[in-house]
Amino acid sequence: MQQVELIEVDDANVHNGGCYCLRSKPNSTGYMNKNEWLMSRFQEGLKYIKIMDNKKPAGFIEYTPIEYSSRVVYGENYIVIHCLWVQITGKGYASKLIHQCIQEAREQNKAGVIVVTNSNTSWTPSKDIFIKNNFVEVAQAPHGFELLVHKFGASPDPYFPNDWDDRLVSFKQLTVMRTQQCPFVDVATTNMMEAANKLGIPIHIIDIQNREELLRISPTPYGIYGVIYNSNLVTYHRLTIHSAMKRLKELMSY
């Protein structure tokens with residue numbers, strides 16, 4: 001008989017196979033950084049919930065109050081979904097995880113639930129599953145980003161900032177902005193550094209310290225990883241070394 005259950009990761013079990021992503025490499029820098037990041041966020045109300053299929057991880061959802069979110073979005077009294085991923089499709093697991101988040105938002109008397117999507121990449125949750133669960137798109141941002149919300153009442157809509165071009169202008173040097181919210185950020189940074197080294201381009205790393213800094217300098221709504229060179233967005237997600245070199249070469253003449 002199939003057994004499906006939701007398991008909340010917390011400070012007591014996070015180091016015992018807690019994080020879903022990169023779990024096959026528990027000694028990797030990215031995995032350890034993610035677990036440490038989670039440990040420092042649980043007290044802020046962040047929730048990381050895995051769905052288990054016959055005691056095997058089948059997916060997860062991560063969400064947090066907007067005032068502590070790693071996404072560049074403004075709003076009052078919302079929950080923001082950072083990540084949603086399911087390995088086993090066709091069984092309603094994604095909807096089950098979304099419903100868990102919505103129910104908790106209701107219990108906390110929140111205005112609703114927010115998610116940032118992007119149909120151009122797999123590095124954000126899929127837009128379709130949220131539309132299916134009665135989310136509505138309320139804003140867009142450059143590079144394909146979409147802002148969706150599931151509201152409980154007549155609260156003001158959340159919104160993106162509108163100064164994306166201005167954020168790029170001052171960054172001529174190759175610059176990586178990052179947090180540890182995603183365990184793949186370490187690999188993404190390493191690949192970019194190796195590509196830059198092969199091309200002889202100096203690189204600067206900014207480890208974003210807080211939400212205020214994130215809201216002020218992040219080049220996209222994704223927030224946790226962004227690369228700028230010659231006042232242009234290089235990428236907001238992991239690239240292979242080859243792809244990073246190709247993109248940097250395109251921007252060297254700007």
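The values are calculated or read from the model by the stated rules, or taken from the named source; none is laboratory data. No experiment lies behind these values; they were computed from the predicted model shown. Cβ sites come from the backbone with ideal geometry, for glycine too, and all protein chains shown count toward neighbours. All accessible areas refer to the heavy atoms of the entire protein, side chains included, with ligands and DNA or RNA removed. Shrake-Rupley method; radii C 1.70, N 1.55, O 1.52, S 1.80 Å.
So the values come out like this:
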| read-out | value |
| --- | --- |
| Number of the exception - Arg71 against (1) open to solvent by less than 50 Å² (accessible area, probe 1.4 Å); (2) in contact with a strand residue (DSSP E or B) (Cβ under 6 Å, 6 or more places away or on another chain); (3) not in a loop (DSSP other than H, G, I, E, B) | (3) |
| When residues of the range 1-56 are limited to those that are charged (D, E, K, R) and open to solvent by 80 Å² or more (accessible area, probe 1.4 Å), the one modelled with the lowest pLDDT | Arg23 |
| Residues (surrounded by fewer than 19 Cβ atoms within 10 Å (Cβ to Cβ), hydrophobic (A, V, I, L, M, F, W, C) and touching a residue at least 12 places away in the same chain (Cβ under 8 Å)) located in the range 151-167 | Phe152, Trp164 |
| Among (1) out of contact with any helix residue (DSSP H, G or I) (no Cβ under 8 Å at 6 or more places or on another chain); (2) surrounded by fewer than 21 Cβ atoms within 10 Å (Cβ to Cβ); (3) under 23 Å from Gly144 (Cβ atoms) - the single one Gly200 does not satisfy | (3) |
| One residue from Pro156, Pro183, Pro221 being touching a strand residue (DSSP E or B) at 6+ places or on another chain (Cβ under 6 Å), outside any helix (DSSP H, G or I) and not small (Gly, Ala, Ser) | Pro221 |
| Pair list, Cβ under 9 Å, 6 or more apart: the range 10-32 residue closer than 15 Å to Ala58 by Cβ, other residue assigned to a loop (DSSP other than H, G, I, E, B) and small (Gly, Ala, Ser) | Arg23/Gly17 |
| Positions within the range 37-68 being touching a Gly at 6+ places or on another chain (Cβ under 8 Å) and touching a residue at least 60 places away in the same chain (Cβ under 8 Å), in sequence order | Ile66, Tyr68 |
| Matching residues in the range 84-100 - criterion: being surrounded by 21 or more Cβ atoms within 10 Å (Cβ to Cβ) and either in a strand (DSSP E or B) or not hydrophobic (A, V, I, L, M, F, W, C) (or both) | Leu84, Val86, Tyr93 |
